[in-house]
1. Where a ≥ b ≥ c are the square roots of the eigenvalues of the C-alpha gyration tensor, would you call the stretch 36-97 rounded, which needs a/c under 1.5, or, failing that, prolate if a/b is larger than b/c, or oblate?
2. Within the stretch 77-98, which residues have the backbone N less than 20 Å from the label spot 7 Å out from residue 13 along Cα→beta-carbon, could you tell me?
3. Compute the separation of the alpha-carbon centres of the stretch 59-137 and the stretch 12-46 and state it in Å as a whole number.
4. Within the set of other residues whose C-beta is less than 9 Å from the C-beta of residue 68, count the net charge using Lys and Arg as +1 and Asp and Glu as -1.
5. Based on DSSP loop calls and a cut-off of at most 15 other Cβ atoms within 10 Å, the longest stretch of the chain free of exposed GluC sites (Glu not before Pro) is what?
6. Calculated from the structure, Rg/Rh (Cα atoms, Kirkwood Rh) equals which of (1) 1.10; (2) 0.96; (3) 0.93?
7. Please give the helix 6-19 orientation as an angle from the longest Cα principal axis of the chain, in degrees from 0 to 90, rounded to the nearest 10.
8. Helix 51-60: angle to the longest alpha-carbon principal axis of the chain, degrees 0 to 90, nearest 10?
Amino acid sequence: MNPLSYRIKKAIAFEASQCAPRECCGFIVNGEIIPCENIHSSPESNFAISAEDYASAEDFGTIEAIYHSHVGGMDGFSKHDIKACKQCNIPWVMVHLPSNNFHYIDPTGNAPYEGRAWSYGVHDCYALVRDFYIREF
């Protein structure tokens, strides 16, 4: 399930604009965003969420996605983002603040067959074949 409704996008974009020049970060839980403090030592180009914020988000319900912003630079997920997304096995949402473009990756295999944005190692050709095989066979 892709949790990117218009309302969610608007809320994340607003938070990203308020946090700039630092990256914003947080969780999407039960269709709502839960903003978290970016505790990374370089918050202008990276983000980190504390274990306490993670535990608090779980208290609200099922974590649907982790979100963060890029305040400049790359309009898409970095290699580090993709690796971390795969390691935590939770979908990620990212907004590129200068362009207001949203990106979504789902390492759990729940991405749709059509319309998934290509992302090496998460939503690439092999992942499409793997997801199809797992779901259909």
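1. Prolate shape, in that a/c is at least 1.5 and a/b is the bigger ratio.
2. Only 77, 92-98 fall inside the zone, counting backbone N under 20 Å.
3. Result: 17 Å between the Cα centres.
4. On the way: positive: none; negative: 23, 81.
Here the count lands on -2.
5. 45-113
6. (2)
7. 40
8. The angle comes out near 70 degrees.
The values are calculated or read from the model by the stated rules, or taken from the named source; none is laboratory data. What you see is a predicted model, and the numbers here were worked out from it, not measured in a lab. Virtual Cβ from ideal backbone geometry, glycine too; neighbours counted across all protein chains shown. These accessible areas exclude ligands, DNA and RNA; they are computed on the full protein's heavy atoms, side chains included. Shrake-Rupley method; radii C 1.70, N 1.55, O 1.52, S 1.80 Å.
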